[in-house]
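Structure first, commentary second.
The values are calculated or read from the model by the stated rules, or taken from the named source; none is laboratory data. All of these numbers come straight from a predicted model, not from anything done at the bench. No Cβ is skipped: glycine too gets one built from the backbone with ideal geometry, and neighbour counts run over all protein chains shown.
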């Protein structure tokens, strides 16, 4: 395959485009087998993690460390108030750790205490349902990848949109190609990838888009009900806005593309010179 120069962001966009391009040529395999850690937030017996672990096996050594029970929507919560039970088992020559903890803690525990050495790549998923826009802040699937990124390990969160055409085997195959590309070319330090795959058959997926996160808050609904006992309760639900632009994650998935967004672990935002000057007055506050 003809070599392309790396982009300034530190990873090869071409490799990612080839990675999940339907019917296209996959990236060249890494020169060495990869050590891969797989986790999720849907629980160790979720169909997504089973399909993912199976698809990644040809790439090297796969270890699974995942919550014992479903922990979806727990964001970057951690388990730190009690002892954590871990059960180890073997499935088709792969080590699986079932952990009674939140997803971010499962990843950290595996990296710090369970694995004999650090993996080359951490993959969190396959989540049932998309994690797009600001919904990602609530996602424990995304948190699992972020936790690994804290330690400087290339990591990916992967989500499959729910729908009639959702197929974990298809999504897992796409992820195997993306993981191969990441294992070969890397990800910039301080970042990780959030991948969202539409619920379509492989021949209907148009390709890959490198996207930015849609930053609008989801539309929230709270349906009020009153129980027979007179107590007031609210049932929460939400939906995404219509996509804002073709460069956003929501637009890509809605239009049949695999969305790959680059997320950072730093929460500090870039501000304009004028805004910085305005904020500098805070440095003059004193309490002496």
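Checking each residue in the range 141-156 for being under 19 Å from residue 48 (Cα atoms), touching a residue at least 60 places away in the same chain (Cβ under 8 Å) and in contact with a helix residue (DSSP H, G or I) (Cβ under 6 Å, 6 or more places away or on another chain) picks out 142, 143, 144. Does residue 164 satisfy the criteria of being more than 24 Å from residue 181 (Cα to Cα) and in a loop (DSSP other than H, G, I, E, B)? So residue 164 passes the test. None of 77, 48, 73 is assigned to a loop (DSSP other than H, G, I, E, B) and either more than 20 Å from residue 160 (Cβ to Cβ) or at pLDDT 95 or above (or both) except 77.
Applying the criterion of at least 1 residues that are under 20 Å from residue 176 (Cα atoms) and at pLDDT 95 or above to the strands (runs of 3 or more DSSP E) found wholly in the range 190-281 leaves 191-197, 207-211, 257-264. Scanning the range 125-161 for residues that are under 11 Å from the mean Cα position of the chain (by Cα) and assigned to a loop (DSSP other than H, G, I, E, B) yields 130, 131, 132, 139.
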